[in-house]
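Each remark here refers to the structure printed beneath this line.
The values are calculated or read from the model by the stated rules, or taken from the named source; none is laboratory data. These numbers come from a predicted model, not from an experiment. Every residue, glycine among them, receives a Cβ derived from its backbone with ideal geometry; neighbour counts consider all protein chains shown.
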Amino acid sequence: MNYGFAKVAAAIPSLKVADCTYNTQQIENLINRAEEENTEIIVFPELCICGYTCQDLFGQQMLLQQCEKSLSKLIDFTRSRKIIVIIGMPIAKGALLMNCAVALQAGKILGVVPKTYLPNHQDFNEQRWFSTPSAIDDSTINLCAQTVPFGSNLIFHTSSATFGIEIGEDLWAPIPPSCNLALKGAEIIFNLSASNEQISKHQYLQSLISQQSARCLAGYVYSSCGFGESTQDAVFAGNAFIYENGALIAQSQRFSLDEQLIISEIDTEFLRHERYGNTVFSENIRWQNSCTHTNIQCQAITHTNNFRLTRSVHPHPFVPSIRLNERCEETFSIQTEGLAKRIVHTHAQSIIVGISGGLDSTLALLVCVKTMDMLKRSRKDIIGITMPGFGTTDRTYNNAVSLMESLGITIKEISIKDACIQHFKDINHDINVHDVTYENGQARERTQILMDVANQYNGFVVGTGDLSELALGWATYNGDHMSNYGVNASVPKTFIKHIVKWVAMTQVDEKSKATLLDIIDTPISPELIPADENGNIKQKTEDLVGPYELHDFFLYYFLRKGFSPSKIYFLAQQAFITPAKPIESAMEVGIYDKETIQKWLKTFCRRFFSQQFKRSCLPDGPKVGTLSLSPRSDWRMPSDASSSDWLADFENESAY
């Protein structure tokens, strides 16, 4: 089982210009190495059999004959192999010589793709030697005693992916051939290239590949010439890239003198998920129906070894490894502008927020303060209410009060103890029974206080709950589940602490900073159960529902990518047990065994389905990232949907 991944490779062989025998041997060596890693498809640079820089030697019959002999040798070499090999060579058809890609598998030529756009400017003079395929009507070509499909419109189908091919300059065209290939079903584009080096060109090239991969909702595997082609006025650095929907998965080392082979996996299941939900992509498909394409069925590729993932799986998909402060600032700005609009629209004289001394209410308060500053209104228009109850500890209480004082807002303290005691008497509930009634009664009492104070001061309640809590349903229905505007509604728990830390380090005074840093270090808890004998937090959320870093990981891949539990379980093992290579993370990564991951993934699946009814009636809140659980935005789900098939899928694959 490969979980929807297609293992691909981009190769940069050692090369001697015009020495087809030598070059073919190097290509064979890299094919062997790739097959040892169970690679399914490997692509080589443009004109790699003879060399891109042969110049007028392309007009020599000797060179063309040697290229075809090398192709015959590669056909024989692949006869006992299932790996699909894409190599570049000059091919004559009638009176025309074309720059082509040849796809091989198991001793057969699958198809030949000619280069569509031939550069003839600055450093490139391809039209001196080659012709475009536009003058050819025939859709087949005779090559090495085989009659095979020919054209730029070939679509190749394997057991794990559908792919297309373009060459070099095709990528740089206003409408690259890969656009049409993607609209006809190609999930991966392979590009055989020969792009020389110039100052700043490298970044431009990467941007171009990234954008084309994203625009086509496709994987993009790019291989360009290396050291062996560097000659006269041109230097080739050996660029190889593997992209997936705009994201860089793997890349080669620039300016290496040695051959290179980069291998990784492209998640075709994810790409299909993205295409299913993209109406612009489907509309473009309708426009392209008039274009004809040739479909080529490749042999199934099966490997006896268990599938291994070589690409990195980031344990904190919501937390960027680079530009973290920039992402924090952007998120914070989206939250504040959304709240500002709601204040202006409702003509609110005040905003009310419950302050517990925990992370979520802290971020909500910081957003409120920044918003009032932006609107040039007094911070005293923010009414922060701390509502100590049976489980409130000195640490969280003192942090709540200290933060409100240092930020200069209006402070109210309203204990919920007496009101809850009376309520428990009214409903005949034993106050010593610390069950769900005991806990939810406190949460609803706090919400009632906030709502009523908002009425008193002609304002509205700012919600504090975050995306992770909404996914798990870790909120009391019509308690902390409810507000008038939830500023944290699409911010995941693993990211909140980074925003709070960014504010602490850049936006506040030293007293507020010290309080914020202590809040970050405080265990996450609803504090609805009395503290232990030492006055410390007894009820820790992550002991009850599981580590938030795991749940945020599950949430991202379940919601953003639509993956099955078995695939999420597989990826979680890569991220938290045996990462393929070190990953830079903005926070410490927990290490979990399979049983722990399995336990909390089951919990996530059960809770996500059973708690949908809470998400079906969420208050408004700004969407800050790619995910939201609002029924008016990204997620519409029946409240009574069954989780049985999801749990069964996970059980079936739990041995992996």
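Restricting the first member to segment 203-214 and to residues that are modelled with pLDDT of 95 or more, and the second to residues that are of a type in the set (A, V, I, L, M), no beta-carbon pair is closer than 6 Å while six or more apart or on different chains.
Out of curiosity, is residue 253 assigned by TED's automatic domain parsing to the domain that holds residue 27 and either closer than 19 Å to residue 49 by Cβ or in a helix (DSSP H, G or I) (or both)? The answer is no for residue 253.
Considering only residues that are surrounded by 12 or more Cβ atoms within 10 Å (Cβ to Cβ), polar (S, T, N, Q) and touching a strand residue (DSSP E or B) at 6+ places or on another chain (Cβ under 9 Å), look in segment 104-145 and name the one that is nearest to residue 293 (Cα to Cα). Step by step, filter segment 104-145, then rank; the result is 139. Cβ separations smaller than 7 Å between residues 6+ apart or across chains give the following pairs from segment 229-252 residues that are on the phi > 0 side of the Ramachandran plot and of a type in the set (Gly, Ala, Ser) to residues that are modelled with pLDDT under 95 and not in a loop (DSSP other than H, G, I, E, B): 238/227. Please enumerate the residues belonging to segment 462-495 that are over 19 Å from residue 551 (Cβ atoms) and polar (S, T, N, Q). Selection gives 478, 483, 484.
Conditions tested, residue by residue: (1) touching an Asp or Glu at 6+ places or on another chain (Cβ under 6 Å); (2) farther than 14 Å from residue 261 by Cα.
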site: 28; (1), (2): no, no
site: 55; (1), (2): no, yes
site: 61; (1), (2): no, yes
site: 69; (1), (2): no, yes
site: 83; (1), (2): yes, yes
site: 91; (1), (2): no, yes
site: 101; (1), (2): no, yes
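Select from segment 9-59 the residues that are surrounded by fewer than 20 Cβ atoms within 10 Å (Cβ to Cβ) and of a type in the set (Val, Ile, Thr) and write down the one among them that is nearest to the chain's Cα centre (by Cα). If we take residues in segment 9-59 being surrounded by fewer than 20 Cβ atoms within 10 Å (Cβ to Cβ) and of a type in the set (Val, Ile, Thr), then 17 is nearest to the chain's Cα centre (by Cα). Residues in segment 33-88 that are farther than 26 Å from residue 266 by Cβ and hydroxyl-bearing (Ser, Thr, Tyr): 53, 70, 72.
Within segment 82-126, the set of residues being outside any strand (DSSP E or B) and within 28 Å of residue 301 (Cα to Cα) comprises 82, 83, 106, 107, 115.
For segment 579-615, a tally of residues being at pLDDT below 95, part of a loop (DSSP other than H, G, I, E, B) and more than 23 Å from the chain's Cα centre (by Cα) returns 1.
Within segment 548-560, residues that are in contact (Cβ under 8 Å) with a residue 24 or more places away in the chain have Cβ atoms under 7 Å from residues that are among the aliphatic types (A, V, I, L, M) and not in a helix (DSSP H, G or I) in these pairs: 559/627; 560/627, counting only partners at least 6 apart in sequence or on another chain. None of 302, 279, 292 is free of Cβ contacts under 8 Å to residues at least 24 places away in the same chain, β-branched (Val, Ile, Thr) and exposed (fewer than 12 other Cβ atoms within 10 Å of the Cβ) except 279. The numbered conditions (1) outside any strand (DSSP E or B); (2) closer than 23 Å to residue 130 by Cα; (3) touching a helix residue (DSSP H, G or I) at 6+ places or on another chain (Cβ under 7 Å) are all true for residue 191 except (1). The residue list 227, 255, 236 contains one member that is farther than 15 Å from residue 163 by Cβ, modelled with pLDDT under 95 and buried (at least 20 other Cβ atoms within 10 Å of the Cβ), which is 236.
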